Amino acid sequence: MSKVREGSKIKRSPGDQAVQVLIYIFVGVCAVVTVLPFLYVLAGSFATERELTERAFFIIPTEFSLNAYKYIIRTGDVFKGLKNSVIVTVIGTAINMLFTTTLAYPLSRSYLRGRNFFINMVIITMLFSGGMVPSYLVVSSLKLTNTYWSLWLPGAISAFNMIIIKNYFQGIPKELEEAARVDGCSDLGIFLKIILPLSKPTIASVSLFYAVGHWNSYFSAMLYISDRSKEVVQIALRRIIFLAGGINTDGTPIDWGAMGQPPEKAVKMATTVVATVPILIIYPFVQKYFTQGVMVGAVKG
(Lines give C-alpha, C1' and ligand atoms only; values in the text may rest on other atoms or scores of the structure.)
Protein backbone atom coordinates (compact mmCIF):
# COMPACT_ATOMS: atom_id res chain seq x y z
CA MET A 1 0.00 0.00 0.00
CA SER A 2 1.21 3.47 -0.80
CA LYS A 3 1.61 5.63 2.29
CA VAL A 4 2.67 9.24 2.92
CA ARG A 5 4.49 9.98 6.21
CA GLU A 6 3.52 13.27 7.83
CA GLY A 7 5.54 13.90 11.01
CA SER A 8 5.02 10.88 13.25
CA LYS A 9 1.80 9.78 11.50
CA ILE A 10 1.33 7.78 8.32
CA LYS A 11 -1.32 9.09 5.96
CA ARG A 12 -2.88 6.52 3.69
CA SER A 13 -3.77 7.28 0.12
CA PRO A 14 -7.48 7.47 -0.85
CA GLY A 15 -7.21 4.08 -2.55
CA ASP A 16 -5.78 2.49 0.58
CA GLN A 17 -8.50 4.04 2.71
CA ALA A 18 -11.22 2.74 0.38
CA VAL A 19 -9.76 -0.78 0.52
CA GLN A 20 -9.58 -0.60 4.30
CA VAL A 21 -13.24 0.48 4.49
CA LEU A 22 -14.24 -2.44 2.25
CA ILE A 23 -12.28 -4.83 4.47
CA TYR A 24 -14.03 -3.51 7.57
CA ILE A 25 -17.41 -3.84 5.89
CA PHE A 26 -16.67 -7.41 4.78
CA VAL A 27 -15.45 -8.45 8.24
CA GLY A 28 -18.45 -6.74 9.83
CA VAL A 29 -20.88 -8.60 7.55
CA CYS A 30 -19.17 -11.91 8.33
CA ALA A 31 -19.39 -11.17 12.05
CA VAL A 32 -23.09 -10.33 11.82
CA VAL A 33 -23.85 -13.46 9.76
CA THR A 34 -22.00 -15.54 12.36
CA VAL A 35 -23.64 -13.99 15.43
CA LEU A 36 -27.24 -13.60 14.20
CA PRO A 37 -28.19 -17.31 14.29
CA PHE A 38 -27.04 -17.63 17.89
CA LEU A 39 -28.89 -14.43 18.86
CA TYR A 40 -32.04 -15.87 17.29
CA VAL A 41 -31.63 -19.11 19.24
CA LEU A 42 -31.02 -17.16 22.44
CA ALA A 43 -34.08 -14.96 21.86
CA GLY A 44 -36.19 -17.97 20.87
CA SER A 45 -35.36 -19.72 24.12
CA PHE A 46 -37.08 -16.86 25.97
CA ALA A 47 -40.03 -16.60 23.55
CA THR A 48 -43.43 -18.25 23.60
CA GLU A 49 -44.28 -21.19 21.37
CA ARG A 50 -46.82 -19.06 19.51
CA GLU A 51 -44.27 -16.38 18.64
CA LEU A 52 -41.80 -18.98 17.39
CA THR A 53 -44.48 -20.38 15.12
CA GLU A 54 -45.71 -17.05 13.76
CA ARG A 55 -42.41 -15.16 13.36
CA ALA A 56 -39.71 -16.52 11.07
CA PHE A 57 -36.89 -14.51 12.65
CA PHE A 58 -36.46 -12.11 15.56
CA ILE A 59 -33.77 -10.91 17.92
CA ILE A 60 -35.99 -9.61 20.73
CA PRO A 61 -39.12 -11.58 21.69
CA THR A 62 -42.31 -9.56 22.06
CA GLU A 63 -43.42 -11.67 25.01
CA PHE A 64 -40.76 -12.78 27.49
CA SER A 65 -41.17 -16.35 28.76
CA LEU A 66 -39.09 -18.67 30.96
CA ASN A 67 -41.26 -21.74 30.36
CA ALA A 68 -38.56 -23.56 28.37
CA TYR A 69 -35.94 -23.11 31.09
CA LYS A 70 -38.43 -23.99 33.82
CA TYR A 71 -39.17 -27.24 32.01
CA ILE A 72 -35.45 -28.04 31.63
CA ILE A 73 -34.83 -27.36 35.32
CA ARG A 74 -37.91 -29.35 36.35
CA THR A 75 -36.64 -32.49 34.65
CA GLY A 76 -33.52 -32.38 36.87
CA ASP A 77 -31.30 -34.23 34.37
CA VAL A 78 -29.54 -31.14 33.07
CA PHE A 79 -27.64 -30.35 36.29
CA LYS A 80 -26.41 -33.92 36.63
CA GLY A 81 -25.40 -33.86 32.97
CA LEU A 82 -23.54 -30.57 33.40
CA LYS A 83 -21.62 -31.98 36.36
CA ASN A 84 -20.66 -35.10 34.38
CA SER A 85 -19.67 -33.03 31.35
CA VAL A 86 -17.42 -30.82 33.47
CA ILE A 87 -15.71 -33.92 34.90
CA VAL A 88 -15.28 -35.47 31.45
CA THR A 89 -14.02 -32.21 29.93
CA VAL A 90 -11.55 -31.19 32.65
CA ILE A 91 -9.99 -34.60 33.29
CA GLY A 92 -10.20 -35.62 29.63
CA THR A 93 -8.41 -32.47 28.48
CA ALA A 94 -5.69 -33.02 31.09
CA ILE A 95 -5.19 -36.59 29.85
CA ASN A 96 -5.11 -35.40 26.24
CA MET A 97 -2.48 -32.76 26.92
CA LEU A 98 -0.36 -35.15 29.01
CA PHE A 99 -0.16 -37.74 26.23
CA THR A 100 0.00 -35.23 23.37
CA THR A 101 2.83 -33.09 24.74
CA THR A 102 4.91 -36.08 25.92
CA LEU A 103 4.66 -37.61 22.43
CA ALA A 104 5.22 -34.33 20.59
CA TYR A 105 8.42 -33.46 22.47
CA PRO A 106 10.55 -36.50 21.48
CA LEU A 107 9.20 -36.38 17.92
CA SER A 108 10.29 -32.74 17.67
CA ARG A 109 13.91 -33.65 18.42
CA SER A 110 15.91 -34.37 15.25
CA TYR A 111 18.34 -36.65 17.09
CA LEU A 112 15.62 -39.20 17.97
CA ARG A 113 16.37 -42.50 16.23
CA GLY A 114 13.52 -43.69 14.02
CA ARG A 115 11.86 -40.28 14.28
CA ASN A 116 10.49 -40.27 10.72
CA PHE A 117 9.09 -43.78 11.15
CA PHE A 118 7.12 -42.78 14.25
CA ILE A 119 5.87 -39.58 12.61
CA ASN A 120 4.65 -41.56 9.60
CA MET A 121 2.88 -44.00 11.91
CA VAL A 122 1.06 -41.06 13.50
CA ILE A 123 0.09 -39.63 10.11
CA ILE A 124 -1.34 -43.00 9.01
CA THR A 125 -3.85 -42.83 11.86
CA MET A 126 -5.19 -39.61 10.33
CA LEU A 127 -6.02 -41.46 7.10
CA PHE A 128 -7.25 -44.84 8.35
CA SER A 129 -9.19 -46.03 11.38
CA GLY A 130 -10.57 -49.34 12.61
CA GLY A 131 -14.17 -48.17 12.51
CA MET A 132 -16.99 -48.10 15.03
CA VAL A 133 -17.49 -51.84 15.59
CA PRO A 134 -13.81 -52.71 16.25
CA SER A 135 -13.51 -49.67 18.51
CA TYR A 136 -16.53 -50.77 20.52
CA LEU A 137 -15.22 -54.32 20.80
CA VAL A 138 -11.87 -53.04 22.11
CA VAL A 139 -13.54 -50.76 24.67
CA SER A 140 -15.91 -53.53 25.72
CA SER A 141 -13.15 -56.16 26.05
CA LEU A 142 -11.20 -53.78 28.30
CA LYS A 143 -14.27 -53.45 30.58
CA LEU A 144 -14.42 -49.70 30.00
CA THR A 145 -18.11 -49.41 29.11
CA ASN A 146 -20.17 -47.34 31.55
CA THR A 147 -17.01 -45.63 32.75
CA TYR A 148 -15.55 -42.25 31.86
CA TRP A 149 -12.40 -44.02 30.65
CA SER A 150 -14.36 -45.08 27.55
CA LEU A 151 -14.59 -41.36 26.69
CA TRP A 152 -10.99 -40.56 27.59
CA LEU A 153 -8.67 -43.33 26.46
CA PRO A 154 -9.82 -44.02 22.85
CA GLY A 155 -9.15 -40.41 21.89
CA ALA A 156 -6.29 -39.69 24.28
CA ILE A 157 -4.17 -38.32 21.42
CA SER A 158 -5.30 -36.40 18.36
CA ALA A 159 -2.72 -36.81 15.59
CA PHE A 160 -3.56 -33.38 14.15
CA ASN A 161 -3.17 -31.60 17.50
CA MET A 162 0.02 -33.52 18.25
CA ILE A 163 1.58 -32.38 14.97
CA ILE A 164 0.68 -28.75 15.74
CA ILE A 165 2.43 -28.95 19.11
CA LYS A 166 5.39 -30.85 17.62
CA ASN A 167 5.91 -28.13 15.03
CA TYR A 168 5.82 -25.49 17.74
CA PHE A 169 8.37 -27.38 19.84
CA GLN A 170 10.65 -27.58 16.79
CA GLY A 171 10.58 -23.79 16.49
CA ILE A 172 11.98 -23.24 19.98
CA PRO A 173 15.68 -22.30 19.68
CA LYS A 174 17.90 -25.33 20.25
CA GLU A 175 20.46 -23.10 21.99
CA LEU A 176 18.17 -23.01 25.03
CA GLU A 177 18.19 -26.79 25.25
CA GLU A 178 21.97 -26.96 24.78
CA ALA A 179 22.53 -24.37 27.50
CA ALA A 180 20.29 -26.33 29.86
CA ARG A 181 22.21 -29.54 29.18
CA VAL A 182 25.48 -27.77 29.96
CA ASP A 183 23.97 -26.84 33.33
CA GLY A 184 23.16 -30.50 33.95
CA CYS A 185 19.44 -30.43 33.15
CA SER A 186 17.85 -33.74 32.11
CA ASP A 187 15.41 -34.27 29.23
CA LEU A 188 12.50 -34.19 31.68
CA GLY A 189 13.80 -30.99 33.23
CA ILE A 190 14.18 -29.36 29.80
CA PHE A 191 10.64 -30.42 28.90
CA LEU A 192 9.09 -29.12 32.14
CA LYS A 193 11.18 -25.98 32.72
CA ILE A 194 11.88 -24.74 29.19
CA ILE A 195 9.69 -26.30 26.51
CA LEU A 196 6.31 -26.16 28.26
CA PRO A 197 6.63 -22.59 29.66
CA LEU A 198 7.62 -21.30 26.21
CA SER A 199 4.72 -23.11 24.55
CA LYS A 200 1.80 -21.60 26.48
CA PRO A 201 0.07 -20.15 23.38
CA THR A 202 -0.06 -23.45 21.52
CA ILE A 203 -0.87 -25.47 24.64
CA ALA A 204 -3.77 -23.14 25.47
CA SER A 205 -5.12 -23.33 21.91
CA VAL A 206 -4.90 -27.12 21.65
CA SER A 207 -6.38 -27.49 25.14
CA LEU A 208 -9.38 -25.52 23.92
CA PHE A 209 -9.73 -27.85 20.92
CA TYR A 210 -9.72 -30.87 23.20
CA ALA A 211 -12.10 -29.27 25.71
CA VAL A 212 -14.64 -28.37 23.02
CA GLY A 213 -14.42 -31.91 21.65
CA HIS A 214 -15.11 -33.43 25.06
CA TRP A 215 -17.92 -31.00 25.83
CA ASN A 216 -19.65 -31.70 22.52
CA SER A 217 -19.04 -35.46 22.75
CA TYR A 218 -22.34 -37.10 21.93
CA PHE A 219 -21.95 -40.27 19.90
CA SER A 220 -19.24 -41.82 22.07
CA ALA A 221 -21.23 -41.08 25.21
CA MET A 222 -24.37 -42.57 23.67
CA LEU A 223 -22.41 -45.64 22.53
CA TYR A 224 -20.48 -46.43 25.70
CA ILE A 225 -22.52 -44.95 28.59
CA SER A 226 -25.88 -46.48 29.52
CA ASP A 227 -25.87 -45.55 33.21
CA ARG A 228 -28.05 -42.42 33.57
CA SER A 229 -26.03 -41.25 36.57
CA LYS A 230 -22.97 -40.88 34.28
CA GLU A 231 -24.65 -39.32 31.25
CA VAL A 232 -23.10 -36.12 29.92
CA VAL A 233 -25.13 -33.01 29.28
CA GLN A 234 -25.55 -33.71 25.54
CA ILE A 235 -27.35 -36.99 26.25
CA ALA A 236 -29.45 -35.40 29.00
CA LEU A 237 -30.51 -32.60 26.67
CA ARG A 238 -31.34 -35.13 23.96
CA ARG A 239 -33.77 -36.80 26.35
CA ILE A 240 -35.30 -33.45 27.28
CA ILE A 241 -35.90 -32.61 23.61
CA PHE A 242 -37.55 -35.98 23.05
CA LEU A 243 -39.80 -35.49 26.07
CA ALA A 244 -40.71 -31.94 25.01
CA GLY A 245 -41.82 -33.36 21.66
CA GLY A 246 -44.20 -35.71 23.43
CA ILE A 247 -42.14 -38.85 22.73
CA ASN A 248 -40.23 -41.07 25.11
CA THR A 249 -36.69 -42.11 24.16
CA ASP A 250 -38.09 -45.55 23.28
CA GLY A 251 -40.50 -43.98 20.76
CA THR A 252 -43.72 -44.28 22.78
CA PRO A 253 -45.98 -41.20 23.11
CA ILE A 254 -46.27 -39.31 26.41
CA ASP A 255 -49.60 -38.62 28.08
CA TRP A 256 -49.20 -35.14 29.54
CA GLY A 257 -52.63 -35.05 31.16
CA ALA A 258 -53.37 -31.85 33.05
CA MET A 259 -49.74 -30.67 32.90
CA GLY A 260 -49.95 -29.80 29.23
CA GLN A 261 -47.14 -30.26 26.74
CA PRO A 262 -44.16 -27.89 27.20
CA PRO A 263 -43.10 -25.44 24.44
CA GLU A 264 -41.27 -27.79 22.07
CA LYS A 265 -39.45 -25.25 19.86
CA ALA A 266 -38.46 -23.04 22.77
CA VAL A 267 -37.14 -26.07 24.66
CA LYS A 268 -34.95 -27.03 21.69
CA MET A 269 -33.46 -23.54 21.61
CA ALA A 270 -33.02 -23.43 25.37
CA THR A 271 -31.15 -26.73 25.32
CA THR A 272 -28.84 -25.33 22.62
CA VAL A 273 -28.09 -22.33 24.85
CA VAL A 274 -27.47 -24.53 27.90
CA ALA A 275 -25.07 -26.74 25.93
CA THR A 276 -23.21 -23.84 24.28
CA VAL A 277 -22.83 -21.09 26.88
CA PRO A 278 -20.52 -22.95 29.33
CA ILE A 279 -17.85 -23.59 26.70
CA LEU A 280 -18.21 -20.01 25.38
CA ILE A 281 -17.36 -18.70 28.83
CA ILE A 282 -13.95 -20.39 28.64
CA TYR A 283 -12.96 -18.91 25.27
CA PRO A 284 -12.19 -15.32 26.41
CA PHE A 285 -9.55 -16.64 28.81
CA VAL A 286 -7.58 -18.33 26.01
CA GLN A 287 -8.40 -15.94 23.17
CA LYS A 288 -5.10 -14.04 23.45
CA TYR A 289 -3.20 -17.31 22.89
CA PHE A 290 -5.50 -18.75 20.25
CA THR A 291 -4.34 -17.15 16.98
CA GLN A 292 -0.68 -16.99 17.90
CA GLY A 293 -0.50 -20.58 19.08
CA VAL A 294 -2.29 -22.20 16.16
CA MET A 295 -0.59 -20.15 13.44
CA VAL A 296 2.93 -20.64 14.76
CA GLY A 297 2.42 -24.34 15.36
CA ALA A 298 0.87 -24.86 11.93
CA VAL A 299 3.38 -22.86 9.86
CA LYS A 300 6.69 -23.98 11.35
CA GLY A 301 7.74 -27.43 10.19
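Structure summary
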| quantity | calculated |
| --- | --- |
| Helix-only CD estimate at 222 nm, as mean residue ellipticity for the chain, using -39500 (n - 2.57) per DSSP H run (n ≥ 4) | -22000 deg cm²/dmol |
| Mean projection area, nm², convex hull over Cα of segment 120-223 | 8.5 nm² |
| Charge context of residue 268, other residues only, Cβ under 12 angstrom, K/R +1, D/E -1 | 0 |
| Sequence of 25, 165 from largest to smallest accessible area, 1.4 Å probe | 25, 165 |
| The chain - percent relative contact order, Cα under 8 Å, separation 6 or more | 28 percent |
| Subset of 80/200; 80/265; 70/230 violating a 28 Å alpha-carbon distance limit | 80/200 |
| Excluding exposed DSSP-loop trypsin sites (Lys or Arg not before Pro) (at most 15 other C-beta within 10 Å), longest clean stretch of the chain | 144-299 |
| Choice from 114, 171, 76 showing the highest fluctuation, given a GNM over the chain with Cα pairs closer than 10 Å | 114 |
| Distance (nanometres) between label positions extended 7 Å along Cα→Cβ at residue 192 and residue 281 | 3.2 nm |
| Chymotrypsin sites (Phe, Trp or Tyr not before Pro), loop per DSSP, at most 16 other Cβ atoms within 10 Å - longest free stretch of the chain | 129-217 |
| Probe 1.4 Å - accessible area at residue 138, Å² to nearest ten | 80 Å² |
| Positive minus negative residues near residue 52 (Lys, Arg vs Asp, Glu; Cβ under 14 Å) | -1 |
| Sites residue 212 and residue 53, calculated FRET efficiency, Cβ-Cβ separation with R0 51 Å, nearest 0.05 | 0.95 |
| Mean separation of Cα contacts under 8 Å, 6 or more apart, over the residue count of segment 77-224: relative contact order % | 43 percent |
| Carbon + sulfur, % of accessible area of the chain - ligands and nucleic acids excluded, 1.4 Å | 67 percent |
| Value of Rg/Rh across the chain [Cα atoms, Kirkwood radius] | 1.08 |
| Residue-normalised accessible area of the chain, expressed per residue, 1.4 Å probe, Å² | 59 Å² |
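The values are calculated or read from the model by the stated rules, or taken from the named source; none is laboratory data. Keep in mind it's a predicted model, so treat the numbers as computed, not measured. Counting neighbours? That spans all protein chains shown, and the Cβs are built from the backbone with ideal geometry, glycine included. Heavy atoms of the whole protein, side chains included, go into the accessibility calculation; ligands, DNA and RNA do not. Shrake-Rupley method; radii C 1.70, N 1.55, O 1.52, S 1.80 Å.
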